[in-house]
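The values are calculated or read from the model by the stated rules, or taken from the named source; none is laboratory data. Quantities reported herein were computed from a predicted structural model and do not represent experimental measurements. Ideal geometry is used to build each Cβ from the backbone, glycine not excepted, and the neighbour counts take in all protein chains shown. Quick note on the areas: whole protein, heavy atoms, side chains included, nothing else; ligands and nucleic acids left out. Shrake-Rupley method; radii C 1.70, N 1.55, O 1.52, S 1.80 Å.
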Amino acid sequence: EVQLVESGGGLVQPGGSLRLSCEASGFTFSSYEMNWVRQAPGMGLEWVSYISSSGSTIHYADSVKGRFTISRDNAKNSLYLQMNSLRAEDTAVYYCARDWIGDGMDVWGQGTTVTVSS
Amino acid sequence: QSVLTQPPSVSGAPGQRVTISCTGSSSNIGAGYDVHWYQQLPGTAPKLLIYANTNRPSRVPDRFSGSKSGTSASLAITGLQAEDEADYYCQSYDSSLSGHVVFGGGTKLTVL
């Protein structure tokens, strides 16, 4: 079964850091580009970051640029999001999503919740 | 405020047809970028519903269809069913934005 499972969410104070992980199974992870997408409480979807299959190309939304770092370990079938200098507005459910060769995001994880609060 | 504009809500009775619009501009949909649609049922992760403007993944019923024209795209749902009640998001790419990926604000579909 094709699956993505996120972990690493939790409660963190403003200015703090958190590292999210996304473990892939059921498909050849190293062949796919990946994304992080977040959803603040009661709000819509917001794309956060993209990484190519090899990790050589990376993009960020302006709202997280300079604070978040996306990475991947194809040997471990895992995607990561290092989040630093967290703000209250970063509070959201964070999803990892497989990029289907430019035809949308066809596989999504169940999400992990990040709460930034003092 | 997303660069892709969707109506906040639409509604319809069972069996009816509803459409959800996604309006962009010359830097996104109008530039020729594909539009994808996602369905998010309450409390769950989004699912890809329509890809590349008009295509349905095999698991998606043919009651769902997509179209694109100029700077806009639309999702149509025919034979509305109670289980279609969900949030729907369009997604495309915008050359003026960092990373290019953009979602619409989302539309809440209520089945009356």
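Between the listed residues A:Pro14, A:Pro41, A:His59, the Cα displaced farthest toward the positive end of the dipole of chain A, a dipole computed from Cβ unit charges relative to the Cα centre, is found at A:Pro14.
The order of A:Phe27, B:Phe103 by accessible area, most exposed first and with a 1.4 Å probe, is A:Phe27, B:Phe103.
Counting only protein heavy atoms and a 1.4 Å probe, the protein assembly as shown has 44 square angstrom of accessible area per residue. Report the percentage of all Cα-Cα pairs in chain B whose separation exceeds 18 Å, rounded to a whole percent. Taking all Cα-Cα pairs of chain B, the fraction more than 18 Å apart is 45 percent.
Per-residue shielding of A:42-50, expressed as the average number of other chain Cβ atoms within 10 Å of the residue Cβ, stands at 5. Which length gain, in nm to one decimal place, applies between A:Ser52 and A:Gln82 when the Cα-Cα distance is subtracted from 0.36 nm times their residue separation? Additional length available on full extension: 9.1 nm. Near the amide H of A:Thr91, within less than 5 Å, lie the amide hydrogens of A:Val116, all on another chain or at least 5 residues away, with H placed in the peptide plane. Taking every residue in A:98-108 and counting other chain Cβ atoms within 10 Å of its Cβ, the average works out to 5. Between A:Gln110 and A:Arg19, the distance separating the two model label sites (each 7 Å from Cα on the Cα→Cβ line) works out to 2.3 nm.
Mind checking B:95-102 for the average number of partner chain beta-carbons within 10 Å of each residue's beta-carbon?
5
Based on the convex hull around the alpha carbon atoms, the protein assembly as shown presents an average projected area of 12.1 nm². Amide H to amide H distances under 5 Å link A:Val107 with A:Arg98, where only residues 5 or more positions off or on other chains count and H is placed in the peptide plane. In this Cβ point-charge picture (+1 for Lys and Arg, -1 for Asp and Glu), the protein assembly as shown has a dipole of about 120 debye about its Cα centre. When A and B come together, around 1500 square angstrom of accessible surface is lost from both chains combined, probe 1.4 Å. Of the GluC sites (Glu not before Pro) found in the range A:1-99, the ones in coil according to DSSP and having at most 13 other Cβ atoms within 10 Å of their Cβ are A:Glu1.
Its Cα gyration tensor gives chain A an equivalent ellipsoid; the semi-axes, largest first and in whole Å, are 23, 14, 13. Computed over protein heavy atoms with a 1.4 Å probe, the carbon and sulfur contribution to the accessible area of chain A reaches 46%.
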